[in-house]
Amino acid sequence: MKTWIEISAAALKHNIRAFREHLAKNVSIMAVVKANAYGHGLVESAKIFGQAGAVCFGVDNVEEGMVLRKSGIKKPILILGYTVQNRLKDCIKNNLSFVVYNSETIRALGKLKIGGRGGRRALVHLKIETGTGRQGVAGAELEKLIKQIKRTSGVVVEGAYTHFANIEDTTDHSYADRQLKKFQAALALLKKYNIDPLWKHTACSAAAILFPETHFNLVRLGISAYGLWPSKETLAVARQHKRLLELQPALTWKTVVAQVKNVKRGEAISYGLTERVSRNSQIAVLPVGYCDGYDRGLSGSAYVLIHGRRAKIMGRVCMNMMMADVTDIPRVKVEDEVVLLGRQYKEIITAEELANRLGTISYEVMARLNPGIIRQVV
């Protein structure tokens, strides 16, 4: 393989167990494995999380849920993204729970004629809009939807949840407090109609770490299940309130040296002649590029690890290749191992480092790793 990704089973299990010790006994864990498990491999990660104690899984769409079912996973699966109406039958047939927040979905379920004695049921989670401005239903529309659900045979409200808009990127959590109060009001409205969902959940990774009052009986672990902190603000607040967890990053992305070449001082490297070497140099050609998920925005600024030392990316990252300066690293040769993301000996390239260089977040760096790259569980 020219490039591959190694996933540490021990690290994934450690992270789930760290949260298990951090949470109350009555709080269960959903492992969110959408977007190819944040780049870590959907099936591989879900199986490890299940072994470590996750009781259910969160995916984005029917396709991800079906992949898990076909891999033999029988634990509950919740589709967190929108489910188009012509896939509702697939959800019911394969015991996939899904989010609802509009009357059109309930109307479509009514036409399927589900329920009745021995009939299949649609397991739904009501998404409550509390201030994130995305999927969700609130106020008078929520009450209308509840009444519609009550009239529709075979629809079971298995869960109710919301999502915080500003709990990771700030140390001021007053907005999250207001969202939590709105969610509690929605639960009271459900109770008025004799609906008591099995699962009540609001907490993402950051909330699961920082705020026990958001846990209810289920937390949704995303980025931190893979060993990354949601943000530097979350880490700072966790330190301040002594709610620090030891998280272990689970992913290492590797490639090999394809060529080592001598380049004279002043010669240009890669497309656009954007960078020239300032001395007689040795350049390593690496057979990986932006089609693999190594962002072109890292051109001329990021580093990779070779022989446990940092080597700067030179010039533009290409579709399938990029170059690194190995002048100061002795004895680099063809097919030496290169770490693009992760640890090699005592050095490490973190997702946060790459994200900072790109002006984005670690979530994006991980989720954009090409799903076609082989994932090896180690």
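The values are calculated or read from the model by the stated rules, or taken from the named source; none is laboratory data. Since we're looking at a predicted model, the values are computed, not measured. So basically every Cβ, Gly included, is an ideal-geometry build from the backbone, and we count neighbours across all protein chains shown. Areas reflect the complete protein model, heavy atoms only, side chains present, ligands, DNA and RNA absent. Shrake-Rupley method; radii C 1.70, N 1.55, O 1.52, S 1.80 Å.
Within region 241-252, the set of residues being surrounded by fewer than 21 Cβ atoms within 10 Å (Cβ to Cβ) and of a type in the set (G, A, S) is empty. Tallying residues that are within 16 Å of L369 (Cβ to Cβ) and open to solvent by 40 Å² or more (accessible area, probe 1.4 Å) within region 7-35 yields 2. Of all residues in region 284-294, those being among the β-branched types (V, I, T) and either crowded, with 22+ Cβ neighbours inside 10 Å or in contact with a Cys (Cβ under 6 Å, 6 or more places away or on another chain) (or both) number 1.
Among the residues making up region 253-297, a single one is aliphatic (A, V, I, L, M), farther than 16 Å from C318 by Cα and outside any strand (DSSP E or B): V277. When we screen G308, G272, G297 for residues that are touching a Lys or Arg at 6+ places or on another chain (Cβ under 7 Å), open to solvent by 30 Å² or more (accessible area, probe 1.4 Å), modelled with pLDDT of 95 or more and not hydroxyl-bearing (S, T, Y), the only hit is G272.
May I ask you to list the residues in region 91-130 that are surrounded by 14 or more Cβ atoms within 10 Å (Cβ to Cβ) and part of a helix (DSSP H, G or I)?
To start, the set of residues in region 91-130 that are surrounded by 14 or more Cβ atoms within 10 Å (Cβ to Cβ) comprises 91-92, 94-103, 105-106, 108-110, 112, 114-115, 120-130.
Listed by number, the residues that qualify are C91, I92, S103, T105, I106, A108, L109, G110.
Taking (1) open to solvent by 10 Å² or more (accessible area, probe 1.4 Å); (2) closer than 23 Å to F98 by Cα; (3) within 25 Å of the chain's Cα centre (by Cα) in turn, A207 satisfies each apart from (1). Can you say whether V237 is within 24 Å of S301 (Cα to Cα) and either touching a residue at least 60 places away in the same chain (Cβ under 8 Å) or more than 20 Å from the chain's Cα centre (by Cα) (or both), as far as the supplied structure shows? The answer is no for V237.
Screening A238 against (1) surrounded by fewer than 21 Cβ atoms within 10 Å (Cβ to Cβ); (2) under 20 Å from F164 (Cβ atoms); (3) touching a strand residue (DSSP E or B) at 6+ places or on another chain (Cβ under 6 Å) leaves a single unmet condition, (3).
From the list I79, I73, pick out the single residue that is in contact with an Asp or Glu (Cβ under 8 Å, 6 or more places away or on another chain) and at pLDDT 95 or above. Quick ask: steps written out before the conclusion?
On the way: I73 fails: in contact with an Asp or Glu (Cβ under 8 Å, 6 or more places away or on another chain).
One residue alone meets the criteria, I79.
Scanning region 189-201 for any residue that is within 20 Å of the chain's Cα centre (by Cα) and touching a residue at least 24 places away in the same chain (Cβ under 8 Å) turns up at least one such residue.
Conditions tested, residue by residue: (1) farther than 15 Å from G227 by Cα; (2) buried (at least 21 other Cβ atoms within 10 Å of the Cβ); (3) at pLDDT below 95.
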position	(1), (2), (3)
M321	yes, no, no
P330	yes, no, no
D336	yes, no, no
G342	no, no, no
T350	no, no, no
V365	no, yes, no
Q376	yes, no, no
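Is it fair to say Y193 is surrounded by fewer than 20 Cβ atoms within 10 Å (Cβ to Cβ) and aromatic (F, W, Y)? So Y193 passes the test. Within the bounds of region 291-306, is there any residue that is within 19 Å of M366 (Cα to Cα) and among the aromatic types (F, W, Y)? There is at least one residue in region 291-306 that is within 19 Å of M366 (Cα to Cα) and among the aromatic types (F, W, Y).
The condition of being closer than 23 Å to G58 by Cα, among the small types (G, A, S) and open to solvent by 40 Å² or more (accessible area, probe 1.4 Å) holds for only one of A185, A165, that being A165.
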